Amino acid sequence: MKSLFKLSDVSFPPPMEKSEYKSKMDKLQEKARLISHFAHHNNRGAVLVFEGWDAAGKGGAIRRLTSFLDPRLYSVISIAAPSSEEKKKNYLWRFWTKIRRAGHITIFDRSWYGRVLVERVE
């Protein structure tokens, strides 16, 4: 099978300077804090989704992003292959059931977007 894609053809941006990273992370942490504040005070929910290759740093990014949030107001949900019980349900059921109540942020470490690439959906 001939490959349509060569990793050597992909251009990656140069690594970010630490000062630029810190500035961007500070802004993202502030946005997450504002989302949390809005959700809590307006009795609304919010969902944040982190996707990426294995070992891409999703978990670390989530920990850094949430380090200044009130832990009572968010939940991090790690998504793996579906259980036998989950396979018996609608494909999205296992995601719906994990979304938290109003006033809360649900943070998915992987989601329905990426899982559909590795699981057969019927």
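The values are calculated or read from the model by the stated rules, or taken from the named source; none is laboratory data. Predicted, not measured: the structure shown is a model, and the values here were computed from it. Heads up, the Cβs are rebuilt from the backbone with ideal geometry, glycines too, and the neighbour counts pull from every protein chain shown.
Overview of results
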| quantity | calculated |
| --- | --- |
| The stretch 98-119, subset at pLDDT below 90 and farther than 18 Å from Glu51 by Cβ, residue nearest to the chain's Cα centre (by Cα) | Arg100 |
| Top-ranked residue of the stretch 16-33 - restricted to ones that are of a type in the set (Lys, Arg) and under 17 Å from the mean Cα position of the chain (by Cα), ranked as nearest to Asp70 (Cα to Cα) | Arg33 |
| Residue match in the stretch 40-59 (condition: at negative phi and touching a Leu at 6+ places or on another chain (Cβ under 6 Å)) | yes |
